[in-house]
Amino acid sequence: MYNQFRLTQQAAEALASNYGTPLLALSTQQIEYNYRFLQEHLPGVTLHYAVKSNPAARIVDTLAQRGSHFDVASDGEMEQLTAQGVAPERMIYANPVKTIRGLATASRLGIQTFTFDSESEIGKMAREVPGGRVLLRVRVENSDALVDLNKKFGALPSEALRLLNIAHEKGLDVAGLCFHVGSQSHSAQPYIEAIRVCRSLFDQAIAAGLPMRILDIGGGFPIPAGENPVDAGQLCDQISDALGRYFAGVEIWAEPGRFICGTAVNLLTRVIGSQVRNGQQWYFLDEGLYGSFSGAIFDHWDYEMESFKSDRKIPATFAGPSCDSMDVMYRDKLTAPLELDDLLVVIGCGAYTSASATVFNGFAKAPIVVWEDQEEAVAEQLCFRCAV
Ligand SMILES: *Cc1c(COP(=O)(O)O)cnc(C)c1O
């Protein structure tokens, strides 16, 4: 059974009155719980938190203390983690197409592991980070994932050996393969298929004399969503079985983003406007698409909104506070009828939300407070266990 952080009405009201809204409440205990959950279901796998999903300093600190490694994709992320005391050996620069500034930063900070999926990247790495340890990103099929990253990245399996050989000839340490099945995968099948493809490529590369020793299975592990949530524990157990069958004795890495941070944040937002337009009920919130709801666009996510009301639900349009007509999160979303000033708690709002928020139109980003730091959490013993 998987637990997820959910503020009670009492706790949400207390936070909203202390800090105002919009507000993001982060549970660092949920971060720890998610990290441990993956460790248990993917035993022996080195977890590299994908920082892009939510770079909040307290998430990084919590994971760093647990011994996590990190997947970074830009000079900014490398600088942030270094400033937070993360050693370069614990970072992989896992962007198949890197900027020269990013490579220079990696070189200066001592980050030694990189991914690539094309010949043009090999020359860049050989020049900027000579002798660097590299993993080839292989394209895998998963039209089933919520966000399919394989349209943008990954070398075809048929090109893999040629690219690995070129990287080796250019003096790079050709250490292994990686893939990413796409975010919020609905089953273990694409991982298992990718693992089988990678086994065959590993065999060919080893036969060609390349020092292959690492397989990185990427991210994509799903959080609960919708009516029939995927059982992430079972999905990971199936992946783990396949790894045991095909990759016994090989070092395995993973790059979870959403699974670590997605369930650890609740957004608190209030109704700031209510009107009927063309027969449709509209609610305007103090947080919108340009803020933490950015995931409604970039991440295609349908957030669960808790109003703590049990009245019969009506379809409504939810819009953000900016003056742009694009700033509409949802149409025909079912909700109990709401009133001005009502507080909504948006559950599972940790991944690809605040990370892609902007300050468009002068609306500041929602501040993040850590739930376990709050007097309410301590005094009223509304600890993680009571809040889930
Ligand atoms: C975004 C990303 C991840 C994290 O994906 P999730 O679906 O959030 O787990 C991992 N690896 C790479 C290379 C990524 O780009």
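Applying the condition of being at pLDDT 95 or above and in a loop (DSSP other than H, G, I, E, B) to the stretch 268-292 and asking which residue is surrounded by the fewest Cβ atoms within 10 Å (Cβ to Cβ) yields D286. Only a single item in (1) in the same structural domain as P321 (by TED's automatic domain parsing); (2) within 14 Å of the ligand (Cβ to nearest atom) is not met by P222, and it is number (1).
Matching residues to (1) within 16 Å of the ligand (Cβ to nearest atom); (2) farther than 30 Å from R90 by Cβ; (3) within 22 Å of the chain's Cα centre (by Cα); (4) hydroxyl-bearing (S, T, Y):
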{"residue": "M212", "(1), (2), (3), (4)": "no, no, no, no"}
{"residue": "D216", "(1), (2), (3), (4)": "yes, no, yes, no"}
{"residue": "E227", "(1), (2), (3), (4)": "no, yes, yes, no"}
{"residue": "D241", "(1), (2), (3), (4)": "no, no, no, no"}
{"residue": "Y246", "(1), (2), (3), (4)": "no, no, no, yes"}
{"residue": "W253", "(1), (2), (3), (4)": "yes, no, yes, no"}
{"residue": "I260", "(1), (2), (3), (4)": "yes, no, yes, no"}
{"residue": "I272", "(1), (2), (3), (4)": "no, yes, no, no"}
{"residue": "V276", "(1), (2), (3), (4)": "no, yes, no, no"}
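I223: among the aliphatic types (A, V, I, L, M) and open to solvent by 20 Å² or more (accessible area, probe 1.4 Å), yes or no? No: the conditions fail for I223. Taking the criterion of being assigned to a loop (DSSP other than H, G, I, E, B), under 15 Å from L267 (Cα atoms) and not hydroxyl-bearing (S, T, Y), the residues of the stretch 342-366 that qualify are D342, G348, C349, G350, A351, A357, A364, K365, A366. Note on the stretch 293-306: residues that are in a loop (DSSP other than H, G, I, E, B) and surrounded by 18 or more Cβ atoms within 10 Å (Cβ to Cβ) total 3.
Do the conditions hold for F202, that is, is it among the aromatic types (F, W, Y), closer than 25 Å to Y303 by Cβ and open to solvent by less than 10 Å² (accessible area, probe 1.4 Å)? Against the criterion (among the aromatic types (F, W, Y), closer than 25 Å to Y303 by Cβ and open to solvent by less than 10 Å² (accessible area, probe 1.4 Å)), F202 does not qualify. Taking the numbered list (1) open to solvent by 10 Å² or more (accessible area, probe 1.4 Å); (2) over 25 Å from P222 (Cα atoms); (3) of a type outside the set (A, V, I, L, M, F, W, C) in turn, E141 passes all entries but (2).
The single condition among (1) part of a helix (DSSP H, G or I); (2) at pLDDT 95 or above; (3) within 27 Å of K98 (Cβ to Cβ) that N150 does not meet is (2). All of A248, A242 fail the test of being in the same structural domain as E40 (by TED's automatic domain parsing) and outside any helix (DSSP H, G or I), apart from A248. Being in contact with a strand residue (DSSP E or B) (Cβ under 8 Å, 6 or more places away or on another chain), open to solvent by less than 40 Å² (accessible area, probe 1.4 Å) and among the hydrophobic types (A, V, I, L, M, F, W, C) is a property that does not hold for I239.
The values are calculated or read from the model by the stated rules, or taken from the named source; none is laboratory data. Here the structure is a predicted model, which means the values were calculated and not measured. Every residue, glycine among them, receives a Cβ derived from its backbone with ideal geometry; neighbour counts consider all protein chains shown. These area figures cover heavy atoms from the full protein model, side chains too; ligands, DNA and RNA do not enter into them. Shrake-Rupley method; radii C 1.70, N 1.55, O 1.52, S 1.80 Å.
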